[in-house]
Amino acid sequence: MKLDKELVGASTSLLVLSVLAKEATYGYRLIKAINREADGLFEWQEGTVYPILHKLEKHGLVRAQWQTADTGRRRKYYYITAGGREALGQGVEQWQRWHGMVMKLGEAHNG
Amino acid sequence: MDKPLNSDTIAALRELAREVGDLRGLDEDALEELYGHLEDKTLGYLSGEEGLSEADAVLLTREHFGMSGTMASMEVPVRSGAFARRLAAIAVYDLVLGMVLISATIAVSLTVFPYLDATPPGVRTVIDWASIWRLLLPSAILILPLVAWGVIRLCKRKQSARRQVWYLRWNPYLIAAVLVVLLTVRKIQHADPLGSMRVVLDSHKLPAGFFIIGLAMSLVPVIWACVWMHWVARTNRSTSSLIAGAVIWFLIRMVSGRFPDLLLNLPLIVTVTIIFVLANRLPTRNRGFERGVPWISD
């Protein structure tokens, strides 16, 4: 089953912050990580993640730093900031409440 | 993921990043990030980390089969963003070439026919007019399309060699500024071009044959428009984009002074727009508008 696009779209920032909270990474790896976690529920296109990262950076929720690997390749790594962790905590809590309400209403409907 | 890419591949990826960056107006930092992504993607394909879909496989098959014409029509999503820039480029070329031609015609006419100054206005002989039009007509009919053909060939060669043409590279504001300057210069040049030749047209005294020449002259802008707009319509664009392009093109021409009367030129706009739309539909069935015309299709 594929998730509704609007549902996924409402949680994009949260998904990015969740991945970055585990490990700092760069755009390509971030998309791979999210698509892997999604396990077929949705698939992010390549152009999706960069505007989100840039928006989060602008709001101070992540910070970016160029790093050069042993191969000489430069990649822009994104790190979650303290503000980002706080926003992530609040976001997760909101989703849990939302999820609880949807489940309660859903059960009432089915019951 | 650690297999090094060769220099040609790196150059091609840099060029691709630059193309996308130009279309989307990315800064150097974002451009470098985009390049890194493209590099990772390519390495992912090489290592097998990125899976190939059937559609991807078909693309590779077409590429290796060498159907460049077919591939060109598949580049629409990438190139469509450059429509406004290509249109602006056409306007720049059109204005510059037109100005050069007018200046050259006036200069040659004043040099070759100085005796016209001494003749009273309104009493030109047929020989006088024939002399002028024998010069002007071939100039207009031959020089403009020839130069247009040369410019199109040059741009296509650059694009084929994956070299950036100026209108995809320049800042949009700079292109707009150049257009404004050219339009202003052209307007000044059009203020009284025939007056500067000291010639007064008295159409009542001209023989019927000169109306045929006049009719032929009126076809020059149509041919000119077809050549340019064929270039704009090179890829399979939407009808609304083409109509918008044609209208903008004619508005630029009108503002620049070539066609000051909208109502007079309305049938021309409609006719040329229909030609553009039809030409644009052809590539899907017939490989291209220019099929069988090797001097322009390469």
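Give B:E75, B:E63 a once-over and let me know the one that is at pLDDT below 55, under 22 Å from B:A11 (Cα atoms), open to solvent by 70 Å² or more (accessible area, probe 1.4 Å) and more than 14 Å from chain A (Cβ to nearest Cβ). Can you show your working first?
Numbers: B:E63 fails: at pLDDT below 55.
Going through B:E75, B:E63 in turn, the sole match is B:E75.
Listed here are the residues, each with its yes/no results for (1) loosely packed, with under 14 Cβ neighbours inside 10 Å; (2) small (G, A, S).
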site	(1), (2)
B:L5	no, no
B:R18	no, no
B:H37	no, no
B:G48	yes, yes
B:E54	yes, no
Residue that is nearest to B:E49 (Cα to Cα) [pool: residues in the stretch A:12-66 that are under 12 Å from the mean Cα position of the chain (by Cα) and small (G, A, S)]: A:A33
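Run down A:E43, A:E23 and say which single residue is open to solvent by 70 Å² or more (accessible area, probe 1.4 Å), on the phi < 0 side of the Ramachandran plot and more than 12 Å from every other protein chain (Cβ to nearest Cβ).
On the way: A:E43 fails: more than 12 Å from every other protein chain (Cβ to nearest Cβ).
When all the criteria are applied, what remains is A:E23.
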Positions within the stretch B:20-31 being assigned to a helix (DSSP H, G or I) and either open to solvent by less than 90 Å² (accessible area, probe 1.4 Å) or more than 10 Å from chain A (Cβ to nearest Cβ) (or both), in sequence order: B:V20, B:G21, B:D22, B:L23, B:E28, B:D29, B:A30, B:L31
Residues satisfying the stated conditions in the stretch A:89-111, i.e. open to solvent by less than 100 Å² (accessible area, probe 1.4 Å) and assigned to a helix (DSSP H, G or I): A:G89, A:Q90, A:G91, A:V92, A:E93, A:W95, A:G100, A:M101, A:V102, A:M103, A:G106, A:A108
Filtered residue count, the stretch A:65-81, keeping only those that are within 7 Å of chain B (Cβ to nearest Cβ) and open to solvent by 50 Å² or more (accessible area, probe 1.4 Å): 2
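Return yes or no: is A:L56 more than 12 Å from chain B (Cβ to nearest Cβ) and open to solvent by 30 Å² or more (accessible area, probe 1.4 Å)?
Details: more than 12 Å from chain B (Cβ to nearest Cβ): yes; open to solvent by 30 Å² or more (accessible area, probe 1.4 Å): no.
No; evaluated as a whole, the condition is false for this residue.
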Among (1) open to solvent by 30 Å² or more (accessible area, probe 1.4 Å); (2) within 24 Å of B:V20 (Cβ to Cβ); (3) assigned to a helix (DSSP H, G or I), the one test that A:E86 misses: (2)
The stretch B:37-56, residues that are closer than 19 Å to A:A33 by Cα and within 12 Å of another protein chain (Cβ to nearest Cβ): B:H37, B:L38, B:E39, B:D40, B:K41, B:T42, B:L43, B:G44, B:E49, B:E50, B:G51
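Is the stretch A:87-99 home to any residue that is within 27 Å of B:E33 (Cα to Cα) and within 15 Å of the chain's Cα centre (by Cα)?
Step one: filter the stretch A:87-99 for residues within 27 Å of B:E33 (Cα to Cα), giving A:87-88.
When the remaining residues are screened for being within 15 Å of the chain's Cα centre (by Cα), the result is A:87-88.
Within the stretch A:87-99, one or more residues are within 27 Å of B:E33 (Cα to Cα) and within 15 Å of the chain's Cα centre (by Cα).
The values are calculated or read from the model by the stated rules, or taken from the named source; none is laboratory data. Source: prediction; values computed, not measured. Glycine also receives a Cβ, built like all others from the backbone with ideal geometry; neighbour counts cover every protein chain displayed. With ligands, DNA and RNA removed, areas are computed over all heavy atoms of the protein, side chains included. Shrake-Rupley method; radii C 1.70, N 1.55, O 1.52, S 1.80 Å.
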